[in-house]
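Written below as structure tokens is the structure these notes are about.
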Amino acid sequence: MLNQLSEFRIQNGTLITSTDFVNFSKPPVYEVIRLLDGIPMFFEGHMERMHHSLEMIGEAELLPKELVLKGIQTLVSVTNIRDNNIRIEIGRDQHNQFVWTLFLVVSYYPDKIEYEKGVKTVTVEVERKEPHAKIYRTEFTEKINHLRKVNDAFEVILINHFGHVTEGSRSNLFFIKENKVYTAKTVDVLVGITRSKILEIIGELKIEIVEMDIAFTSLSDFEACFLTGTSIHLLPISRIDNIIYPSTQHPVMLRIFEALEKYIQNDIDQTRRIL
């Protein structure tokens, strides 16, 4: 399986030992969930988005979240891996049978220096097909990985055919200017689970949030920017192409970062109580 970390995986609710690919007839819907001390972070949100993705591709059969949670607990128990990303893939096989599989994946988390200094990003003019459905597409992933490698960049920022900056290839994107937070319109991006939580937090902090078309030509107007995602939580950006941002010291970003860490701990505590 794609970057599978352990020989163990759950397939249709059963623990098996295999690293073979599942023969999906079409690219599967997928979710990547971060485990913290064996507890899935933002579990409810991931399940809601997974079901939404299935509905968007016309899949009538849904997957009970209780089965997914039980599968996660089983993998944590047999592997004793408690801090890692876990991936679920769902679709139809060549016999049109509904198949779902759950496995631990090789994971990378930013180190302390990257949080303290921010990360480098580059831009590319490309759009994600069906941005609201989380579907794995090999060609898109290979192109992004190549750009990331040749530019020694942490992330690749996507620009649509209108010249608007939308999101990262595997993250969402926020900008700060004059104590306001800016982000692309929800209709144009993958609705990241962490992004949704960030929007809630910004509202609770009484910080103004503006969803708008962000022109590529306007990037130098912003004071700071950051990425959000499952593995990175909230990660400051130090550079987009040749534009430098002192993001790590921006007071608005620091307030949001602190509030997010508390939010995550509360979410983990709530999920732990239902296990």
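The values are calculated or read from the model by the stated rules, or taken from the named source; none is laboratory data. For clarity, every value in this text was computed on a predicted model and none was experimentally measured. Cβ sites come from the backbone with ideal geometry, for glycine too, and all protein chains shown count toward neighbours. Ligands, DNA and RNA are stripped out before the accessible areas are found, and what is left, the full protein with its side chains, is counted by its heavy atoms. Shrake-Rupley method; radii C 1.70, N 1.55, O 1.52, S 1.80 Å.
Which of the residues that make up segment 88-108 are open to solvent by 60 Å² or more (accessible area, probe 1.4 Å) and either at pLDDT 95 or above or of a type outside the set (Lys, Arg) (or both)? If you could, list the steps in order and put the result at the bottom.
Pass one, segment 88-108, residues open to solvent by 60 Å² or more (accessible area, probe 1.4 Å): 92, 94-97, 106, 108.
Of everything in segment 88-108, those that are open to solvent by 60 Å² or more (accessible area, probe 1.4 Å) and either at pLDDT 95 or above or of a type outside the set (Lys, Arg) (or both) turn out to be Gln94, His95, Asn96, Gln97, Val106, Tyr108.
Could you grab me the full set of residues in segment 196-229 that are of a type in the set (A, V, I, L, M, F, W, C) and open to solvent by less than 30 Å² (accessible area, probe 1.4 Å)? Please lay out each step first, then the result.
Within segment 196-229, the first condition is being of a type in the set (A, V, I, L, M, F, W, C), and the residues that meet it are 198-199, 201-202, 205, 207, 209-210, 212, 214-216, 219, 222, 224-227.
Listed by number, the residues that qualify are Ile198, Ile201, Ile202, Ile207, Ile214, Leu219, Phe222, Ala224, Cys225, Phe226, Leu227.
Considering segment 1-56 alone, what residues qualify as being in a strand (DSSP E or B), under 15 Å from Thr79 (Cβ atoms) and open to solvent by 40 Å² or more (accessible area, probe 1.4 Å)?
Phe8, Leu15, Ile16, Thr17, listed by residue number.
Within segment 230-264, track down each residue that is in a strand (DSSP E or B) and open to solvent by less than 10 Å² (accessible area, probe 1.4 Å).
Initially, segment 230-264 is screened for residues in a strand (DSSP E or B), giving 233-240, 243-244.
Within segment 230-264, Leu234, Leu235, Pro236, Ile237, Ile240 meet the criteria.
Just give me the residues in segment 139-165 being free of Cβ contacts under 8 Å to residues at least 40 places away in the same chain and of a type outside the set (A, V, I, L, M, F, W, C), in sequence order. Lay out the reasoning, then the answer.
Of all residues in segment 139-165, those free of Cβ contacts under 8 Å to residues at least 40 places away in the same chain come to 139-153, 156, 158, 160-161.
Scanning segment 139-165 gives Glu139, Thr141, Glu142, Lys143, Asn145, His146, Arg148, Lys149, Asn151, Asp152, Asn160, His161.
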